[in-house]
Structure formats: C-alpha cells, structure tokens
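Asker: One structure coming up, written as structure tokens, with questions to follow.
The values are calculated or read from the model by the stated rules, or taken from the named source; none is laboratory data. Keep in mind it's a predicted model, so treat the numbers as computed, not measured. Note that we place each Cβ from the backbone using ideal geometry, even for glycine, and neighbour counts take in every protein chain shown.
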Amino acid sequence: MMENGFNRRDFLKVLGWGGTAVALSGCGNTSVEDGRETVNSYVEAADYVIPGIGVYFNSTCAQCDAGCSIMGKVREGRVLKLEGNPDSAINRGKTCGLGQAGVQHHYNPDRVREPLQRKGEIGVTITWEKAYELIAEKLKDVSGEEIAFLSGGVSGHLKVLLDNYLASFGCRNHFVYEALAPAVVRAANKKSYGVEMPRYNINKAKVVLSFGADFLGAWVSPVHFSQQYAQFRKGVDGERGVLIQIEPKMTLTGANADRWIPVRPGTEGVLALGIINALGTAGGDIAALVKDYDKVRVSKETGVPPGHIDKIAALLKLRSPSLVLAGSAAEGYAHGSQNAAAINLLNHVLGNVGKTVEAAAEVPFPQMAPARGNTAALKALNDGLAAGKYKVLFNYAANPIFTAPGGMKFKDNWAKADFKVVFAHYMDETALQADLVLPLDSALEDWGTHVPEYMADGAQINIQQPLMERLHANTRGMGDILLALIKQRRPEDYKSYEDYYGYLRAAMLQNKAALGGGGMDDDTFWSETLSKGIVKLAGAATTAVHSKAGATDLTLPAATQDAQYPLQLIPAVNVSLRDGRHANLPWLQESPDPLTTIVWDSWVEIHPKKALEMDITEGDIIEVTSRTGSVKAQAYLFPGIHPDAISIPLGQGHEALGRYAKGYGVNPFQILDAVFDKETGELAMHETRVKISKTGQRVIVVKDESAAGAKQIRKKIAGRMSTDNVDLSKEV
Amino acid sequence: MFRFLRLSVLFAVLFVSAGSHAADASQPLSTADDLGPQVDQPIEFPHDRHAGDAAQGGMQINCMYCHTYARRSMTAGIPPTQKCIGCHQSIESVRETPRIKKLFEYWEAKKPIPWKKVHDLPDFVRFHHERHIQRFYFQQGKPVQEVCGYCHGNVKTMTVARRTKSLSMGWCVSCHEKQHPVDAASTKTAQGPNDCWQCHK
C-alpha cells in the first residue's frame, strides 16, 4: 500500500501545518515561572543588604602576587564585578585587566568540584573524609624527609599553618616555586641594597632607566607602578620624567618609553658598565671595574650605538635623582646575577639609593612574611624526585608540569613519587598526573590573610574574605584543608578551631593591639578589619638600604655565537596569561596582546629584516627548534625585537586546564633548556638558543590591527588620501 | 485513493506529537479571570491574618512592614526569616501551632525558607517596585493596600498570595495610558512612561 511512501509534496504540506501547530502549542511565556521557581530569602540580613541593590565587600585580589585590595560588588548573594579598594596604598582604588578577570576563575565551568582519587586512568569521586583518611594512611609509614610540599608563593596565616603542618612530621622540604618570579633580581638587590625588594620611587625619579623591567605590564606590582608612572610623567618640579627602556624584546613598558633601545640579548650588564664608564663620575673599585668598558667595546658587544650611550649618560648626569631597574629580561641568563648586579651598581653611582630606591616597610610578624617563590626550588625538587628521595608529594598553587622547562624532564621525575596530592582549582596538567586531587574554593569564596611581597608606602596585611557562598558544595578552602590535616597530627593544639575562619579570627584577635585594635572589643575590631579589608601597620620597622655599593668583582661574558642555533629565544611574559594559570579565562584570551593585538593563540615574533632574510611572511607557520624540543607557531613580523632574537609568549599551549585553554597555541616552556644562573641557581629563562625553519603552511593571523605602511602581504597598495584631509561634511 | 488517508495519518501523528509538546510546556499564562495557579508554599502564610481588617480578625499590618525592600529597590524581595522571628519570638499564644513550629525549625537550622515565586515577569521585562511605590504611596498619598493591590490584588483576604492580575504588557499599558495626578495636592496629571525601553532595557 505504501510502496511510494509519502511524496515530498505531502510531506512539506504536513510539515507546514505541523510547524504552525507546534508554534501555537509552544507559544507561551516560558520564562515566567509562577509558582515553580523558588525565591530564597535571607535568614538574617544586615540592614544595608537590600535585594536589587549591590553592596561592596572588601577582599584581596589573588590573580598575581602584587596583593591589590579589591572590593567586589555583591547583589543577591552573587559577586558581579571587582573594583579596586581606594584605601590600599598598593593599588589606590584601581585594578588591572587581570584582576577584573578574577570573577571568571570563580564562575569558571571547568572548576574541579569533587575530591578525586586515581583508579587507573580515571579519577573516581570520593568523600572528603575518605580523602583525609587516605592522606593519613599514606603519611603513616614515611619519614618527614620523604615528604615534599611544592607550593606557589604563600604568606599570612596560611603560611603559618602550612609551616606548622610540615613541622608536625618533621618535613623541611617546602619548595616555594614561582615560574616567573624576579628571583635573581631579589638576590642581586639583597647584595646591592641589603633588601630583597626595596621600594622603588618611580614618581620621584626624573629619569627611569629600565633594563627589561616591564613594570607597567607584568613586573612585581604593575598597578602600583602604573600610578607612580603617571605621576612621573606629570613630573617632579614640572619636569616631565623621561623613560628609557633597554631590552631585546619590546614590552608594554618599552612601548611607552621615550626611547626604546634594543640590546643584544644578555649584554645588559655590559651596557650598564658602559654607561658607568661614560658617566665618568665613579671612583675607586667601581672605576677600576668599568675601566675597560669604553663605549667602542660596549657598543660592539651590545649593538647599541656609541652615541646612544653618551646620550643616556648625559641625561642621567643632567637629571637627578633617577632610577635604574633590573628586570626579567636582564636576569634570565647564566650570568643573570652579574647583569643585575651591574645594573644595580648604576643606582649607587648615580646616588639614587636612599632617594628613589628606599627600604620597604616590613610586617612585624616574620612568620607571616611571604615565602617568595623562585625556580631554584623547582630544580631542587626535581633533583630530589629524580634521586627517588620523596615518596609523598603535595602540590598547591603551582602547575609545574606545564611550567617546568622541557630540559628538566619534570614530568618523568614527578612520576617517581608514590603518592601525589594536588590541591587544584582546575584539572590542569599537574592535577592530571596526581593520585589525589582535592578541589579548592575559588579566591572569591575563601578566607585568608596576605602579606604582599612588594610593600608600597607602609606595611599592610591584606584580608581576603569570601564575596560569595560556595558555588559548588564540595570544594574547600586551602586553610580549611590544612587545618583538617594538621588536626590529624596535633589534635589537642588545634581542636578549639572549628574551621579556618575560626583560626584566622582567633589569630588576629590574639594580636589585636599590634594590629591597631587596642582598646576595641573583639567583635568591633574583627568587623572593622573585614570591612576595611586591610590592616595598616603604622610605624612598622624598615631595614635601611646599603648606601655603599656591594661587590664589584663582576665578570660579564661577551655574547656568544652559535652556528647551529643562531637565535636567542625570549619567552615573553604576557600581561594577561602570565605563567599560564589564567589561560582558561576567556576574557583574557580575547584581550588582544598590547603590542601585537593577537588573540587566542601563540605567535613567534621575528624582526622584519630577519624575516626577509629567511623569506618569512606574517602567518607562516614556522618551527622553532632548541636543543630540548621544538614548537610550531605562526610568524608575526615585529620591529620591536632584536634581529638576533625571536620571542614566543608564555601561557598558551595547554593540554589540559579547561575548555578555553586546551589546544590553543604552543607552550614555549617545553623547549627551554635547563640552564641556570651560576650564582643563584635560578632558571635562566632567556638562555635558550633556537633555530627556525619554515613548514610551508600559512595561516591568517587573528589580530585587531591591519597591515601597516600601505603594504599587504609585502605588496604595496595605493592609498587615496590621508584622513586628516577628509572633509567629513562632504563625505556624508 | 489512499492519498487522503495518507495525509490524515500524517496529521494524526503530528497532532499527537504537538499535543505532547503542549503538555510539556508551561501552564497557561492566565485563566479567564487572570487568576494565577494555586501555589503550594512551604509554610502556608496567612496574609489575611497579618494584613486583614480588624473586623475579620486581621492585624492590619502595613504591607511595607514586612515587604520592606519594595519601597527601596527595584526588587521587592522576600522578608528575611529574621523579620518573622522578630515578632513571633514574643507571641507565645501561637508558638506551638504547626506553621509557627515549622517557621522556628527553619530559623533554628538557619536555613532559608524555600518560598515559591507567585508573581513573575519574563526576564526581558524590568519592573521597578520602588518607582511605583514612591509615586502612588509617597507622592499621591494613596492607601498602601490599594497601591500594592494595583498589581497584587486584594492580598489581605488571601492566605497564600495568588496572582490575580494578568501582568501582561497590555495590562501594564492600560494603566500607563491613564492620566494620574502628579501628587496628592496637585490637579496636574501625567501618564506613566510609554517608551519601550522603560521596561525593555
């Protein structure tokens, strides 16, 4: 009967009718939920909480280590947007783009929500009780020396608790690791000035000479420095400050400089000594040290024209005080300490120490002072793991499998520990290799105190309070986890603290007088502290800076040539993605890189001259090979880079972490050679040499800017007229 | 000859599927009397007892005593449980009645009462409680129950509130098109705003 089936005409006819029927039946206000949607009321509400009207609560930004104070707009129990807290001397009411994106860590769909235990290749959801039991069981038969704890920078009460926990089983293996910390500069500062991180007064300087310190972008405390920079540009005594940036790859700060001087990678120290020589004001040891660094030699080694050296010296003589900064581009070499020391020497010669380089205030609680991360710690851990020293390994606030240089073979060594616990926000590369993953509260759900590494005016302790209830029922704050773990070891000492909040409150109240709450009752002091979000410590002690220059026995090697690997690889620090921990935030992925305007991808910056030599066009996929490995990425022709160097931004190239990170770009950490600074043992990030080759593929580079200079794919195009000649009234 | 049959088979299938879709969809927006669905609340809150006339055994409590956010914010909100407890902790006479016992259970567990929403608008409509109360109650000096009643009906006679107005756009506009006195003393009148963007932002 139905051998013909329905013909197409019938089918369409019925479909037409049917469509109408569906449309009619489905036509209703489906977003109206009378009688079905629940409206939760508050149980108790503060007077100032009114549904529909936001309230700002103070807390501390956790996006980087600068320790900016923030206030979060909270409405109906949800945090909506973050602003800067005006009372903080660090950020004075401002935030950066990275800070703004903090809410996306909180609401991120890829957060880990349950404790997971490894069963073969998969993670099985377990309860927290089970997880704690498991840790206790694994720790039972190992000695303290066989346990290692790797963490990012920690400070405040969390550090106190962590130290106490590790001490409870005699473990001294706390490795504080930050992939991009200015650790060599810290060590050099300690020698030059007597403090690891002095206070830099950019606003009081008339000239700033920065050797690769991207203080407007990603260096130390960028929001604070940006504000100082604004004052510096307005000028001391009406004299507008002059910024000279010396670096092989242009950073955001370099782009803002009056004079950007590309220097041959690694010769920053030589240039610094050359400038001291050209100044001709130094005497004694220093004069002897710089005697041979005449401008002909320096110019030859650094590639900076002799005229430039003279001009810089003349400017520095003319305008005082000035400020010389040693940044990440100068420290990333096997002789990085020497570079930084030579640069710091300039501040002594120019008499800036005590004027624009001052002692920072210190928090009078040494146990709360920040444990500063570095890369030497990773090397120490890696060596220990390779030797099979550690059986149980904890990891918090670091992603070493992603950020360890390929030359270290960290992932293989990691596997040598029997039991690995990772405290994680996301299933990142490291969490994927764990035996137990414990999900953390977001920074906007957690309690804490933080002592910033870089102190602006006075000493301060920053308070972190939750801006919102937990989004996911089974995440925990790091403090709560540590408290639960330490209760396993020392139940008597910690039984009075129900949770980390209780611990924090008790610890703060114990020092009420020292924290400026003398005479206040406990509740008033505590609610004032939370409300302000900052505890300012008036009259905190400062360590004086050395006014005498430190060691002057510097040996600065000349730049080497390598025929097989002719180019220097500069792993650039992206303002937003940093070491890659923020790659899963779409706001940051879609924020164009400030200099190239490229989004959602990696690229290889190459000088147009070099590109012409190798017949490389923008968008060519090129292979970058080092002794350790190789990556492929699109070429971007960029005049702001030294012709002997190429640069790939860090932070992309994730194999895990989340949907917005995985599969975008390449990870240059993977091809970094394991070369270390000779003095501090820090990883020499800029010491990797590479060669490049074309793969023959080409893509269109996704970026905001268009081709410059009336050239499209190296073909000249003809313009019509310049826009300032257009009479818009006639155009319309 | 089977052509007609074929078509009817198709129609039958489609209507069945359309019918099942209709059953899945939301309940009818309004009944003939614009009466909303009867909503089961976790606690059957007696509006009549609290706000009703004294003659009917009511306490004549001002709406805004409990619904305190409505005059200050766009959102009316639901009073915090604290508000209920504030009075009820000292009203011994009803302390052991089932509803009050339930109320205290929530309070002692510090759990919010999961009230169901009775008056809802689509997400693309922005209704501002504060504006309406400022205008009609504070400026024109109308009785509060009348003002709230424009949209919420005669709540003082209800136990659990039930929607009695359609809250459709046409219904809103029917009032916005009327001339209302500017304030209690004035003879000047004005309309409510009729721009699309006033509500559809």
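Asker: Go over the candidates B:156, B:116 one by one and state the one that is within 14 Å of chain A (Cβ to nearest Cβ) and touching a residue at least 60 places away in the same chain (Cβ under 8 Å). Give the steps one after another, and end with the answer.
Answerer: On the way: B:156 fails: within 14 Å of chain A (Cβ to nearest Cβ).
When all the criteria are applied, what remains is B:116.
Asker: Okay, moving on. Could you tell me which numbered condition residue A:512 fails, if it satisfies all but one of (1) over 30 Å from residue A:403 (Cβ atoms); (2) in contact (Cβ under 8 Å) with a residue 40 or more places away in the chain?
Answerer: (2)
Asker: Output the residue which, of all residues in region A:44-66 that are of a type in the set (A, V, I, L, M) and over 15 Å from residue A:527 (Cβ atoms), is farthest from the other protein chains (Cβ to nearest Cβ). Working first, answer last.
Answerer: First pass over region A:44-66, keeping only residues of a type in the set (A, V, I, L, M): A:45-46, A:49-50, A:53, A:55, A:62, A:66.
Checking the rest, the ones that are also over 15 Å from residue A:527 (Cβ atoms) come to A:45, A:50, A:53, A:62, A:66.
Numbers: A:45: 4, A:50: 5, A:53: 5, A:62: 28, A:66: 36 Å.
Going through the qualifying residues, I end up with A:66.
Rundown of residues vs (1) modelled with pLDDT of 95 or more; (2) among the aliphatic types (A, V, I, L, M); (3) on the phi > 0 side of the Ramachandran plot, yes/no style:
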{"residue": "A:307", "(1), (2), (3)": "no, no, no"}
{"residue": "A:321", "(1), (2), (3)": "no, no, no"}
{"residue": "A:325", "(1), (2), (3)": "yes, yes, no"}
{"residue": "A:328", "(1), (2), (3)": "no, no, no"}
{"residue": "A:334", "(1), (2), (3)": "no, yes, no"}
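Asker: Moving to a separate point now. Quickly run through region B:58-75 and pick out the residues that are within 10 Å of chain A (Cβ to nearest Cβ) and closer than 25 Å to residue B:109 by Cβ.
Answerer: Those that are within 10 Å of chain A (Cβ to nearest Cβ) and closer than 25 Å to residue B:109 by Cβ: B:68, B:69.
Asker: For region B:78-92, what are the residues that are at the interface with chain A (Cβ under 10 Å from one of its Cβ atoms) and farther than 16 Å from residue B:160 by Cα? Give the steps one after another, and end with the answer.
Answerer: Step one: list which residues in region B:78-92 are at the interface with chain A (Cβ under 10 Å from one of its Cβ atoms), which gives B:78-85.
The answer is B:80, B:81, B:82, B:83, B:85.
Here is a yes/no grid of residues against (1) assigned to a strand (DSSP E or B); (2) β-branched (Val, Ile, Thr); (3) at pLDDT below 90:
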| residue | (1), (2), (3) |
| --- | --- |
| B:115 | yes, no, no |
| B:127 | no, no, no |
| B:131 | no, no, no |
| B:138 | no, no, no |
| B:142 | no, no, no |
| B:160 | no, yes, yes |
| B:166 | no, no, yes |
| B:172 | no, no, no |
| B:192 | no, no, yes |
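Asker: Next up: So, in region A:114-149, how many residues would count as being in contact (Cβ under 8 Å) with a residue 40 or more places away in the chain and surrounded by 13 or more Cβ atoms within 10 Å (Cβ to Cβ)? Spell out how you get there, then give the answer.
Answerer: Filtering region A:114-149 for residues in contact (Cβ under 8 Å) with a residue 40 or more places away in the chain gives A:114-118, A:123, A:128, A:131-132, A:134-136, A:138-139, A:142, A:145-149.
Then keep just the ones that are surrounded by 13 or more Cβ atoms within 10 Å (Cβ to Cβ); that gives A:114-118, A:123, A:128, A:131-132, A:134-135, A:138-139, A:142, A:145-149.
Number of matching residues: 19.
Asker: Scan region A:28-36 and tell me whether some residue there is within 14 Å of another protein chain (Cβ to nearest Cβ), at pLDDT below 90, in a helix (DSSP H, G or I) and surrounded by fewer than 20 Cβ atoms within 10 Å (Cβ to Cβ).
Answerer: Step one: of region A:28-36, the residues within 14 Å of another protein chain (Cβ to nearest Cβ) are A:28-36.
Subsequent filtering for residues that are at pLDDT below 90 retains A:28-36.
Retained after the next criterion (residues that are in a helix (DSSP H, G or I)): none.
No: zero hits.
Asker: Please go through region A:225-254 and pick out each residue that is closer than 15 Å to residue A:324 by Cβ, among the β-branched types (Val, Ile, Thr) and not in a helix (DSSP H, G or I).
Answerer: Scanning region A:225-254 gives A:242, A:244, A:246.
Asker: When you go through A:197, A:250 one by one, which is the residue that is in contact (Cβ under 8 Å) with a residue 24 or more places away in the chain and surrounded by fewer than 22 Cβ atoms within 10 Å (Cβ to Cβ)?
Answerer: Working: A:250 fails: surrounded by fewer than 22 Cβ atoms within 10 Å (Cβ to Cβ).
So the residue among A:197, A:250 that is in contact (Cβ under 8 Å) with a residue 24 or more places away in the chain and surrounded by fewer than 22 Cβ atoms within 10 Å (Cβ to Cβ) is A:197.
Asker: Please verify whether region A:319-333 includes one or more residues that are in contact with an Asp or Glu (Cβ under 9 Å, 6 or more places away or on another chain), among the aromatic types (Phe, Trp, Tyr), in a loop (DSSP other than H, G, I, E, B) and not assigned by TED's automatic domain parsing to the domain that holds residue A:650.
Answerer: Scanning region A:319-333 turns up at least one residue that is in contact with an Asp or Glu (Cβ under 9 Å, 6 or more places away or on another chain), among the aromatic types (Phe, Trp, Tyr), in a loop (DSSP other than H, G, I, E, B) and not assigned by TED's automatic domain parsing to the domain that holds residue A:650.
Asker: Of (1) away from every other protein chain (no Cβ under 14 Å); (2) among the hydrophobic types (A, V, I, L, M, F, W, C); (3) surrounded by fewer than 16 Cβ atoms within 10 Å (Cβ to Cβ); (4) free of Cβ contacts under 8 Å to residues at least 24 places away in the same chain, residue A:80 satisfies all except one. Which?
Answerer: Unmet condition: (4).
Asker: In the set A:81, A:73, A:94, which member is basic (Lys, Arg), outside the structural domain of residue A:225 (by TED's automatic domain parsing), touching an Asp or Glu at 6+ places or on another chain (Cβ under 9 Å) and in a strand (DSSP E or B)? If you could, list the steps in order and put the result at the bottom.
Answerer: On the way: A:81 fails: touching an Asp or Glu at 6+ places or on another chain (Cβ under 9 Å); A:94 fails: in a strand (DSSP E or B).
Residue meeting the stated conditions: A:73.
Asker: Given the criterion in a loop (DSSP other than H, G, I, E, B) and over 21 Å from residue A:638 (Cα atoms), identify the matching residue among A:282, A:288, A:278. Before the answer, list the steps.
Answerer: Details: A:288 fails: in a loop (DSSP other than H, G, I, E, B); A:278 fails: in a loop (DSSP other than H, G, I, E, B).
On inspection, the qualifying residue turns out to be A:282.
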